[in-house]
(Lines give C-alpha, C1' and ligand atoms only; values in the text may rest on other atoms or scores of the structure.)
Protein backbone atom coordinates (compact mmCIF):
# COMPACT_ATOMS: atom_id res chain seq x y z
CA UNK A 1 0.00 0.00 0.00
CA UNK A 2 1.41 3.41 -0.99
CA UNK A 3 0.61 6.39 1.18
CA UNK A 4 -0.92 9.54 -0.25
CA UNK A 5 2.26 11.49 0.47
CA UNK A 6 4.44 8.92 -1.31
CA UNK A 7 2.16 8.92 -4.36
CA UNK A 8 2.21 12.69 -4.55
CA UNK A 9 6.00 12.73 -4.33
CA UNK A 10 6.72 10.22 -7.11
CA UNK A 11 3.62 9.83 -9.27
CA UNK A 12 0.90 12.05 -10.65
CA UNK A 13 -2.44 10.24 -10.46
CA UNK A 14 -5.40 10.39 -12.82
CA UNK A 15 -7.82 8.33 -10.75
CA UNK A 16 -7.39 5.17 -12.83
CA UNK A 17 -3.70 5.25 -13.79
CA UNK A 18 -0.49 6.75 -12.47
CA UNK A 19 1.91 8.91 -14.45
CA UNK A 20 5.59 8.91 -13.40
CA UNK A 21 6.39 12.20 -11.71
CA UNK A 22 9.71 12.48 -13.55
CA UNK A 23 8.00 12.31 -16.97
CA UNK A 24 8.45 15.68 -18.71
CA UNK A 25 5.07 17.43 -18.75
CA UNK A 26 3.51 14.87 -16.35
CA UNK A 27 0.84 17.36 -15.24
CA UNK A 28 -0.15 17.94 -18.86
CA UNK A 29 -0.44 14.19 -19.44
CA UNK A 30 -2.63 13.85 -16.35
CA UNK A 31 -4.96 16.62 -17.50
CA UNK A 32 -5.03 15.16 -21.00
CA UNK A 33 -6.01 11.67 -19.80
CA UNK A 34 -8.76 13.13 -17.59
CA UNK A 35 -10.07 15.19 -20.52
CA UNK A 36 -10.13 12.15 -22.83
CA UNK A 37 -12.04 10.11 -20.26
CA UNK A 38 -14.64 12.85 -19.91
CA UNK A 39 -14.96 13.26 -23.67
CA UNK A 40 -13.40 16.75 -23.78
CA UNK A 41 -11.25 17.91 -26.69
CA UNK A 42 -8.70 20.10 -24.95
CA UNK A 43 -5.19 20.90 -26.07
CA UNK A 44 -3.89 18.57 -23.35
CA UNK A 45 -6.17 15.78 -24.62
CA UNK A 46 -4.82 16.22 -28.13
CA UNK A 47 -1.24 16.21 -26.83
CA UNK A 48 -1.85 12.84 -25.14
CA UNK A 49 -3.55 11.51 -28.30
CA UNK A 50 -0.49 12.41 -30.36
CA UNK A 51 1.79 10.50 -27.97
CA UNK A 52 -0.71 7.70 -27.21
CA UNK A 53 1.36 4.91 -28.78
CA UNK A 54 4.46 5.63 -26.73
CA UNK A 55 2.50 6.46 -23.58
CA UNK A 56 0.78 3.07 -23.81
CA UNK A 57 4.17 1.43 -24.40
CA UNK A 58 5.27 3.07 -21.14
CA UNK A 59 2.42 1.27 -19.33
CA UNK A 60 -0.18 4.07 -19.17
CA UNK A 61 -3.87 3.48 -19.81
CA UNK A 62 -4.69 5.98 -22.57
CA UNK A 63 -8.34 6.32 -23.67
CA UNK A 64 -9.11 6.31 -27.41
CA UNK A 65 -8.71 9.58 -29.28
CA UNK A 66 -11.88 11.59 -29.92
CA UNK A 67 -13.46 11.71 -33.38
CA UNK A 68 -11.93 14.73 -35.13
CA UNK A 69 -11.97 16.18 -38.67
CA UNK A 70 -8.15 15.91 -38.77
CA UNK A 71 -5.50 13.57 -37.34
CA UNK A 72 -4.53 14.41 -33.72
CA UNK A 73 -1.22 15.99 -34.78
CA UNK A 74 -2.94 18.48 -37.07
CA UNK A 75 -5.79 19.08 -34.62
CA UNK A 76 -3.25 19.84 -31.87
CA UNK A 77 -1.47 22.34 -34.07
CA UNK A 78 -4.74 23.98 -35.08
CA UNK A 79 -5.83 24.20 -31.46
CA UNK A 80 -2.57 25.84 -30.40
CA UNK A 81 -2.77 28.21 -33.33
CA UNK A 82 -6.36 29.15 -32.45
CA UNK A 83 -5.42 29.74 -28.82
CA UNK A 84 -2.33 31.81 -29.57
CA UNK A 85 -1.63 32.39 -33.29
CA UNK A 86 1.81 33.87 -32.63
CA UNK A 87 3.09 30.52 -31.38
CA UNK A 88 2.36 28.51 -34.54
CA UNK A 89 2.92 28.68 -38.27
CA UNK A 90 -0.31 28.69 -40.33
CA UNK A 91 -1.30 25.36 -41.87
CA UNK A 92 -2.59 24.94 -45.40
CA UNK A 93 -6.13 24.11 -44.34
CA UNK A 94 -9.00 25.90 -42.69
CA UNK A 95 -9.02 26.53 -38.94
CA UNK A 96 -11.81 24.86 -36.97
CA UNK A 97 -14.83 26.90 -35.90
CA UNK A 98 -14.10 29.29 -33.04
CA UNK A 99 -14.65 27.59 -29.70
CA UNK A 100 -14.19 24.02 -30.93
CA UNK A 101 -10.96 23.69 -28.96
CA UNK A 102 -10.23 24.98 -25.49
CA UNK A 103 -7.44 24.55 -22.96
CA UNK A 104 -9.55 23.80 -19.91
CA UNK A 105 -11.58 25.86 -17.46
CA UNK A 106 -9.98 29.02 -16.12
CA UNK A 107 -7.27 29.26 -18.79
CA UNK A 108 -6.86 32.82 -20.06
CA UNK A 109 -4.43 35.65 -20.67
CA UNK A 110 -0.77 35.20 -19.87
CA UNK A 111 -1.30 31.76 -18.30
CA UNK A 112 -2.74 30.50 -21.58
CA UNK A 113 0.16 31.97 -23.54
CA UNK A 114 2.77 30.40 -21.28
CA UNK A 115 1.04 27.01 -21.30
CA UNK A 116 0.73 27.04 -25.09
CA UNK A 117 4.44 27.68 -25.47
CA UNK A 118 5.18 25.04 -22.85
CA UNK A 119 3.11 22.54 -24.82
CA UNK A 120 5.14 23.20 -27.93
CA UNK A 121 8.39 22.69 -26.05
CA UNK A 122 7.24 19.73 -23.96
CA UNK A 123 5.68 17.49 -26.63
CA UNK A 124 8.92 16.05 -28.05
CA UNK A 125 10.33 15.46 -24.55
CA UNK A 126 7.24 13.51 -23.49
CA UNK A 127 7.50 11.30 -26.56
CA UNK A 128 11.25 10.82 -26.10
CA UNK A 129 10.89 9.96 -22.42
CA UNK A 130 8.25 7.35 -23.18
CA UNK A 131 10.42 5.82 -25.88
CA UNK A 132 13.39 5.55 -23.53
CA UNK A 133 11.65 2.79 -21.57
CA UNK A 134 12.06 0.37 -24.50
CA UNK A 135 14.72 -2.29 -24.15
CA UNK A 136 17.29 -1.83 -26.97
CA UNK A 137 18.89 -5.19 -26.19
CA UNK A 138 15.77 -7.23 -26.95
CA UNK A 139 15.82 -9.53 -29.97
CA UNK A 140 14.34 -7.93 -33.08
CA UNK A 141 12.73 -4.52 -33.43
CA UNK A 142 9.85 -3.32 -31.26
CA UNK A 143 7.52 -1.90 -33.91
CA UNK A 144 4.17 -0.19 -33.42
CA UNK A 145 1.84 0.43 -36.36
CA UNK A 146 -1.17 2.75 -36.30
CA UNK A 147 -3.47 4.22 -38.91
CA UNK A 148 -4.28 7.94 -38.93
CA UNK A 149 -6.89 8.68 -41.59
CA UNK A 150 -5.47 7.33 -44.86
CA UNK A 151 -1.90 7.27 -43.52
CA UNK A 152 -0.17 4.27 -41.92
CA UNK A 153 2.49 5.25 -39.38
CA UNK A 154 5.13 2.67 -38.45
CA UNK A 155 7.35 3.51 -35.47
CA UNK A 156 10.37 1.47 -34.37
CA UNK A 157 10.55 1.98 -30.61
CA UNK A 158 13.68 -0.08 -30.14
CA UNK A 159 15.82 -2.77 -31.69
CA UNK A 160 16.77 -3.30 -35.32
CA UNK A 161 15.88 -5.68 -38.14
CA UNK A 162 19.64 -6.27 -38.48
CA UNK A 163 19.98 -7.30 -34.84
CA UNK A 164 22.62 -4.65 -34.17
CA UNK A 165 24.47 -1.82 -35.83
CA UNK A 166 24.14 -1.68 -39.61
CA UNK A 167 27.05 -0.70 -41.84
CA UNK A 168 26.51 0.64 -45.35
CA UNK A 169 28.79 -1.08 -47.86
CA UNK A 170 29.21 0.36 -51.39
CA UNK A 171 28.00 -2.11 -54.02
CA UNK A 172 28.74 -0.12 -57.17
CA UNK A 173 31.17 2.74 -57.81
CA UNK A 174 31.05 4.70 -61.06
CA UNK A 175 33.89 6.98 -62.09
CA UNK A 176 37.69 6.93 -62.03
CA UNK A 177 40.42 9.49 -61.44
CA UNK A 178 42.58 8.02 -64.19
CA UNK A 179 40.97 5.74 -66.74
CA UNK A 180 38.85 5.57 -69.91
CA UNK A 181 37.26 8.88 -70.92
CA UNK A 182 33.69 7.64 -70.42
CA UNK A 183 34.43 7.13 -66.71
CA UNK A 184 35.89 10.61 -66.15
CA UNK A 185 33.53 13.26 -64.77
CA UNK A 186 34.02 17.03 -64.82
CA UNK A 187 31.02 18.49 -62.97
CA UNK A 188 28.12 16.17 -62.15
CA UNK A 189 24.96 18.28 -62.16
CA UNK A 190 22.08 15.78 -62.22
CA UNK A 191 21.49 12.01 -61.80
CA UNK A 192 18.54 9.75 -62.63
CA UNK A 193 17.94 5.99 -62.19
CA UNK A 194 15.45 3.89 -64.19
CA UNK A 195 13.46 0.79 -63.22
CA UNK A 196 16.27 -1.50 -64.43
CA UNK A 197 18.76 0.29 -62.16
CA UNK A 198 20.55 1.94 -65.08
CA UNK A 199 22.18 5.17 -63.92
CA UNK A 200 22.08 8.39 -65.99
CA UNK A 201 24.74 10.96 -65.09
CA UNK A 202 24.64 14.46 -66.57
CA UNK A 203 28.07 16.12 -66.70
CA UNK A 204 27.67 19.89 -66.99
CA UNK A 205 31.29 20.45 -67.97
CA UNK A 206 31.24 17.85 -70.76
CA UNK A 207 27.59 18.64 -71.71
CA UNK A 208 26.57 15.03 -72.14
CA UNK A 209 24.77 12.23 -70.29
CA UNK A 210 26.64 9.03 -69.47
CA UNK A 211 24.49 5.90 -69.16
CA UNK A 212 25.75 3.07 -66.92
CA UNK A 213 24.18 -0.31 -66.15
CA UNK A 214 23.45 -1.68 -62.67
CA UNK A 215 27.03 -2.98 -62.42
CA UNK A 216 28.48 0.45 -63.18
CA UNK A 217 29.62 -0.42 -66.71
CA UNK A 218 29.34 2.29 -69.38
CA UNK A 219 26.55 1.61 -71.89
CA UNK A 220 26.38 4.73 -74.06
CA UNK A 221 26.68 8.51 -74.07
CA UNK A 222 23.74 10.78 -74.94
CA UNK A 223 24.15 14.30 -76.34
CA UNK A 224 27.09 16.58 -76.89
CA UNK A 225 27.89 20.28 -77.06
CA UNK A 226 26.07 21.99 -79.94
CA UNK A 227 22.81 23.46 -81.20
CA UNK A 228 21.44 20.63 -83.35
CA UNK A 229 18.89 17.94 -82.43
CA UNK A 230 20.09 15.95 -79.44
CA UNK A 231 22.80 18.50 -78.65
CA UNK A 232 23.20 20.68 -75.55
CA UNK A 233 23.97 24.32 -74.92
CA UNK A 234 24.31 24.90 -71.18
CA UNK A 235 21.94 22.06 -70.37
CA UNK A 236 21.30 21.70 -66.64
CA UNK A 237 19.08 18.88 -65.39
CA UNK A 238 17.70 15.47 -66.37
CA UNK A 239 14.73 13.30 -65.38
CA UNK A 240 13.04 10.09 -66.56
CA UNK A 241 9.47 9.64 -67.83
CA UNK A 242 7.44 6.53 -66.93
CA UNK A 243 7.92 5.05 -70.43
CA UNK A 244 11.72 5.19 -70.06
CA UNK A 245 12.41 8.35 -72.05
CA UNK A 246 15.04 10.75 -70.73
CA UNK A 247 14.23 14.47 -70.70
CA UNK A 248 16.95 17.12 -70.44
CA UNK A 249 16.38 20.81 -69.66
CA UNK A 250 18.41 22.63 -72.31
CA UNK A 251 17.83 26.40 -71.81
CA UNK A 252 20.74 27.47 -73.97
CA UNK A 253 18.90 25.97 -76.95
CA UNK A 254 15.45 27.07 -75.63
CA UNK A 255 14.08 23.54 -75.48
CA UNK A 256 13.75 20.18 -73.75
CA UNK A 257 15.74 17.37 -75.34
CA UNK A 258 13.98 13.97 -75.26
CA UNK A 259 15.89 10.71 -75.76
CA UNK A 260 14.27 7.31 -76.40
CA UNK A 261 12.60 5.13 -75.58
CA UNK A 262 14.43 3.36 -78.41
CA UNK A 263 18.15 4.01 -79.04
CA UNK A 264 18.72 6.88 -81.45
CA UNK A 265 15.25 8.40 -80.99
CA UNK A 266 15.17 12.12 -80.10
CA UNK A 267 12.56 14.87 -79.83
CA UNK A 268 12.72 18.57 -79.05
CA UNK A 269 10.09 20.45 -77.04
CA UNK A 270 10.58 24.20 -77.31
CA UNK A 271 9.92 26.68 -74.52
CA UNK A 272 10.91 30.31 -73.79
CA UNK A 273 13.92 29.93 -71.51
CA UNK A 274 14.65 33.66 -71.59
CA UNK A 275 18.32 33.14 -70.81
CA UNK A 276 17.51 31.75 -67.34
CA UNK A 277 20.05 29.23 -66.08
CA UNK A 278 19.69 27.59 -62.66
CA UNK A 279 20.51 24.52 -60.68
CA UNK A 280 16.83 23.70 -60.10
CA UNK A 281 15.86 20.05 -60.70
CA UNK A 282 13.75 18.89 -63.63
CA UNK A 283 10.55 17.18 -62.45
CA UNK A 284 8.35 14.46 -63.95
CA UNK A 285 5.33 12.62 -62.55
CA UNK A 286 3.68 9.21 -62.94
CA UNK A 287 1.31 10.61 -65.58
CA UNK A 288 4.18 11.40 -67.93
CA UNK A 289 4.12 15.16 -67.35
CA UNK A 290 7.31 17.24 -67.23
CA UNK A 291 7.60 20.36 -65.03
CA UNK A 292 10.10 22.92 -66.33
CA UNK A 293 11.26 25.91 -64.28
CA UNK A 294 11.28 28.92 -66.61
CA UNK A 295 11.02 32.74 -66.41
CA UNK A 296 7.57 34.32 -66.56
CA UNK A 297 8.16 36.72 -69.45
CA UNK A 298 4.89 38.56 -68.71
CA UNK A 299 6.45 40.00 -65.55
CA UNK A 300 8.87 42.94 -65.50
CA UNK A 301 10.89 41.50 -62.63
CA UNK A 302 12.56 38.09 -62.73
CA UNK A 303 9.77 35.75 -61.67
CA UNK A 304 9.84 32.06 -62.44
CA UNK A 305 6.98 29.66 -63.00
CA UNK A 306 6.56 26.05 -64.07
CA UNK A 307 5.69 25.12 -67.64
CA UNK A 308 3.95 21.72 -67.70
CA UNK A 309 4.42 19.48 -70.74
CA UNK A 310 2.20 16.50 -71.49
CA UNK A 311 3.71 13.13 -72.53
CA UNK A 312 3.61 14.19 -76.21
CA UNK A 313 5.43 17.49 -75.62
CA UNK A 314 2.33 19.69 -75.66
CA UNK A 315 2.36 22.55 -73.16
CA UNK A 316 -0.72 21.81 -71.04
CA UNK A 317 -0.38 24.30 -68.18
CA UNK A 318 1.68 26.95 -66.41
CA UNK A 319 1.84 26.99 -62.62
CA UNK A 320 3.35 29.42 -60.10
CA UNK A 321 6.27 28.06 -58.13
CA UNK A 322 5.20 26.92 -54.64
CA UNK A 323 5.86 29.66 -52.10
CA UNK A 324 5.68 30.38 -48.39
CA UNK A 325 5.04 33.43 -46.24
CA UNK A 326 8.24 32.59 -44.40
CA UNK A 327 11.02 35.11 -45.01
CA UNK A 328 14.48 33.72 -44.21
CA UNK A 329 16.71 35.96 -42.08
CA UNK A 330 19.50 37.70 -43.96
CA UNK A 331 23.03 38.47 -42.85
CA UNK A 332 24.24 41.77 -44.32
CA UNK A 333 27.95 42.50 -44.57
CA UNK A 334 29.24 45.90 -45.71
CA UNK A 335 32.62 46.62 -47.25
CA UNK A 336 34.24 50.05 -47.38
CA UNK A 337 37.60 51.06 -48.82
CA UNK A 338 39.55 53.43 -51.02
CA UNK A 339 40.77 52.87 -54.58
CA UNK A 340 44.36 53.51 -55.70
CA UNK A 341 43.26 56.94 -56.95
CA UNK A 342 41.79 57.83 -53.57
CA UNK A 343 38.12 57.31 -54.49
CA UNK A 344 35.98 55.74 -51.73
CA UNK A 345 34.36 52.40 -52.48
CA UNK A 346 31.50 50.69 -50.76
CA UNK A 347 29.70 47.41 -51.25
CA UNK A 348 27.52 44.95 -49.39
CA UNK A 349 26.34 41.36 -49.56
CA UNK A 350 23.24 39.84 -47.98
CA UNK A 351 23.39 36.03 -47.90
CA UNK A 352 20.92 33.90 -45.98
CA UNK A 353 21.77 33.40 -42.32
CA UNK A 354 23.62 30.06 -41.96
CA UNK A 355 21.62 27.17 -40.44
CA UNK A 356 18.34 29.12 -40.63
CA UNK A 357 15.15 27.28 -41.72
CA UNK A 358 14.57 26.91 -45.45
CA UNK A 359 11.39 26.46 -47.50
CA UNK A 360 11.71 23.51 -49.90
CA UNK A 361 9.45 21.85 -52.43
CA UNK A 362 9.34 19.10 -55.02
CA UNK A 363 6.80 17.36 -57.26
CA UNK A 364 5.08 14.25 -55.93
CA UNK A 365 4.66 11.32 -58.40
CA UNK A 366 0.93 12.12 -58.42
CA UNK A 367 1.70 15.61 -59.76
CA UNK A 368 0.91 17.43 -56.51
CA UNK A 369 3.46 19.63 -54.77
CA UNK A 370 5.27 18.46 -51.66
CA UNK A 371 6.33 21.45 -49.57
CA UNK A 372 8.01 21.92 -46.24
CA UNK A 373 9.72 24.40 -43.99
CA UNK A 374 12.43 22.74 -41.92
CA UNK A 375 11.27 24.54 -38.77
CA UNK A 376 7.86 22.82 -39.04
CA UNK A 377 9.27 19.27 -38.86
CA UNK A 378 6.67 18.09 -41.33
CA UNK A 379 5.98 17.76 -45.06
CA UNK A 380 2.72 19.05 -46.57
CA UNK A 381 0.95 17.41 -49.50
CA UNK A 382 -2.07 19.60 -50.34
CA UNK A 383 -4.76 17.99 -52.43
CA UNK A 384 -7.99 19.23 -53.97
CA UNK A 385 -10.01 17.37 -51.31
CA UNK A 386 -8.05 18.83 -48.37
CA UNK A 387 -6.23 16.75 -45.76
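The values are calculated or read from the model by the stated rules, or taken from the named source; none is laboratory data. Since the structure is predicted, the reported quantities are computational estimates derived from the model, not experimental observations. A quick note on method: Cβ atoms are made from the backbone with ideal geometry, for glycine too, and the neighbour counts reach across all protein chains shown.
Can you give me the number of residues within region 41-53 that are touching a strand residue (DSSP E or B) at 6+ places or on another chain (Cβ under 9 Å) and either more than 19 Å from residue 154 (Cβ to Cβ) or at pLDDT below 75 (or both)? It would help to see each step written out before you state the result.
Quick first cut of region 41-53, residues touching a strand residue (DSSP E or B) at 6+ places or on another chain (Cβ under 9 Å) only: 41-43, 52-53.
Filter again for either more than 19 Å from residue 154 (Cβ to Cβ) or at pLDDT below 75 (or both), leaving 41-43.
Residues that pass the stated criteria total 3.
If residue 371 satisfies all but one of (1) loosely packed, with under 10 Cβ neighbours inside 10 Å; (2) more than 27 Å from residue 258 (Cβ to Cβ), what's the number of the condition it fails?
(1)
Here is a list of conditions, (1) at pLDDT below 85; (2) outside any loop (DSSP other than H, G, I, E, B), and residue 317 meets all of them except one; can you say which number that is?
(1)
Restricting the first residue to region 269-286 and requiring it to be on the phi > 0 side of the Ramachandran plot, which pairs with a second residue that is part of a loop (DSSP other than H, G, I, E, B) and surrounded by fewer than 13 Cβ atoms within 10 Å (Cβ to Cβ) meet a Cβ separation below 7 Å and a spacing of at least six or different chains?
Between residues of region 269-286 that are on the phi > 0 side of the Ramachandran plot and residues that are part of a loop (DSSP other than H, G, I, E, B) and surrounded by fewer than 13 Cβ atoms within 10 Å (Cβ to Cβ), the close pairs are 274/297.
When you check residue 363 against the structure, is it touching a strand residue (DSSP E or B) at 6+ places or on another chain (Cβ under 7 Å), touching a residue at least 60 places away in the same chain (Cβ under 8 Å), surrounded by 13 or more Cβ atoms within 10 Å (Cβ to Cβ) and within 29 Å of residue 257 (Cβ to Cβ), yes or no? Working first, answer last.
Working: touching a strand residue (DSSP E or B) at 6+ places or on another chain (Cβ under 7 Å): yes; touching a residue at least 60 places away in the same chain (Cβ under 8 Å): yes; surrounded by 13 or more Cβ atoms within 10 Å (Cβ to Cβ): yes; within 29 Å of residue 257 (Cβ to Cβ): yes.
Criteria met by residue 363.
With the requirement that a residue be closer than 30 Å to residue 281 by Cβ and outside any strand (DSSP E or B), what does region 320-350 give you?
Passing the criteria: 321, 322, 323, 324, 325, 326, 327, 328, 329, 331, 332, 350.
Which one of these is surrounded by 11 or more Cβ atoms within 10 Å (Cβ to Cβ) and within 27 Å of residue 241 (Cα to Cα): 357, 322? First the steps, then the outcome.
Details: 357 fails: within 27 Å of residue 241 (Cα to Cα).
From the options 357, 322, the qualifying one is 322.
Any residue at all in region 279-286 that's under 26 Å from the mean Cα position of the chain (by Cα) and farther than 27 Å from residue 316 by Cα?
Start the filter on region 279-286 by keeping residues that are under 26 Å from the mean Cα position of the chain (by Cα), which leaves 279-286.
Now drop any that are not farther than 27 Å from residue 316 by Cα, which leaves none.
No, region 279-286 has no match at all.
Residue 213: without any contact (Cβ under 8 Å) to a residue 24 or more places away in the chain and either within 20 Å of residue 182 (Cα to Cα) or loosely packed, with under 13 Cβ neighbours inside 10 Å (or both), yes or no? Don't jump to the end; show me each part of the working.
Numbers: without any contact (Cβ under 8 Å) to a residue 24 or more places away in the chain: yes; either within 20 Å of residue 182 (Cα to Cα) or loosely packed, with under 13 Cβ neighbours inside 10 Å (or both): yes.
Judged against the criteria, residue 213 is a match.
Which residue pairs have Cβ atoms closer than 9 Å, lie 6 or more positions apart in sequence or on different chains, and pair a first residue in region 160-177 that is on the phi > 0 side of the Ramachandran plot and surrounded by 10 or more Cβ atoms within 10 Å (Cβ to Cβ) with a second residue that is at pLDDT 75 or above and part of a loop (DSSP other than H, G, I, E, B)?
Partner pairs satisfying both residue conditions: 175/184; 175/185; 175/216.
Identify all residues within region 306-330 that are more than 30 Å from residue 259 (Cα to Cα) and touching a strand residue (DSSP E or B) at 6+ places or on another chain (Cβ under 7 Å); write none if there are none.
So the first thing to find is which residues in region 306-330 are more than 30 Å from residue 259 (Cα to Cα), and the list is 323-330.
Result: 324, 326, 328, 330.
If you check residue 251 against the conditions, is it over 27 Å from the mean Cα position of the chain (by Cα), crowded, with 19+ Cβ neighbours inside 10 Å and under 26 Å from residue 365 (Cα atoms)? If you could, list the steps in order and put the result at the bottom.
Numbers: over 27 Å from the mean Cα position of the chain (by Cα): yes; crowded, with 19+ Cβ neighbours inside 10 Å: yes; under 26 Å from residue 365 (Cα atoms): yes.
Yes.
If you check residue 220 against the conditions, is it in contact with a strand residue (DSSP E or B) (Cβ under 9 Å, 6 or more places away or on another chain) and under 18 Å from residue 269 (Cα atoms)? Steps first, please.
Working: in contact with a strand residue (DSSP E or B) (Cβ under 9 Å, 6 or more places away or on another chain): yes; under 18 Å from residue 269 (Cα atoms): no.
Here the answer is no, as residue 220 does not meet what is asked.
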